[in-house]
Amino acid sequence: MVRRGLHHHGMRLNSKMMKRTILTLCCLLASLLATQAQNTDEASIRRRLNEATARINALSCDFVQTKHLSVLKDKMVSMGRMCYKKSDRLRWEYTSPYTYVFILNGNEVLLKNKNRSDIIDVDQNRMFREIVQIMLSSVVGNCLDDKNFKSSLKATATEYVATLTPQRKNMKQMFRLITLHFDRKASCVTRVELTEKNDDRTVIELNNIRLNEKLDDNLFLVR
């Protein structure tokens, strides 16, 4: 295992993918609480989502991530699994067509592929610290303030749809618009659409969502 800071050349090569992965996770998890009430209906919906989120002690699901490139007709599809355990453990793992693992456990982050692994102290890296704070505050039920997202919310027969415009500098550099689809019955996110500045689009679909099932602590080991 290699322990290195972000200033090393090898780590710089991974930093763009790492930043994109973390910001994607941030947007996904922050989505539950990022909507700001515009009227009575939106306030009621947001309250319902907040209450549902507060009850989540553990979450696991499979995901399919599809990258649509604005200049090409081809799509890039990857699959994997996400696990979360309250209040500061998260595992985001790509299993196909490549393997890549992001693990957050307390103040440490593990980034690992088939060739190397890197451990980062969140407290020593401002970018990680800010994003992890947003990520975890969202999951445990603390509302995000207005500067993080400008948002709107609407309801259909089967889902709630939130449209978010990032306001934070880190996110604005990566994403122009974020659209989130909530299952009305379960009050949880099932689809995330991330539109980048160049109009490339990433769609993440969450499947086989399991709430509050026991998760092995070994899933979150940083080593």
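Worth pointing out:
- Linear extension gain, His68 paired with Lys154, 0.36 nm per residue minus alpha-carbon span: 28.5 nm
- Cross-link table Lys150/Lys214; Lys86/Lys154; Lys85/Lys150; Lys85/Lys169; Lys67/Lys185; Lys67/Lys197, entries beyond 25 Å C-alpha to C-alpha: Lys150/Lys214; Lys86/Lys154; Lys85/Lys150; Lys85/Lys169; Lys67/Lys185
- Every pair of different Cα atoms in the range 170-223 enters the Kirkwood calculation, which places the hydrodynamic radius at 13.7 Å.
- Inter-label distance for Ser44 and Glu205, nm, one decimal - labels placed 7 Å from Cα along Cα-to-Cβ: 3.1
- Stretching Lys114 away from Thr95 to a fully extended chain increases their span by 5.7 nm, per 0.36 nm per residue minus the current alpha-carbon distance.
- Listed values for the range 154-162 are Karplus-derived 3J(HN,Hα) couplings in whole Hz (6.51 cos²θ - 1.76 cosθ + 1.60, θ = phi - 60°), namely 9, 10, 10, 5, 10, 8, 9, 10, 10, and x replaces Gly and Pro.
Read the figures in this text as sums done on the coordinates, not as results from a lab. The structure presented is a predicted model; accordingly, all values stated were derived computationally and were not measured. No Cβ is skipped: glycine too gets one built from the backbone with ideal geometry, and neighbour counts run over all protein chains shown.
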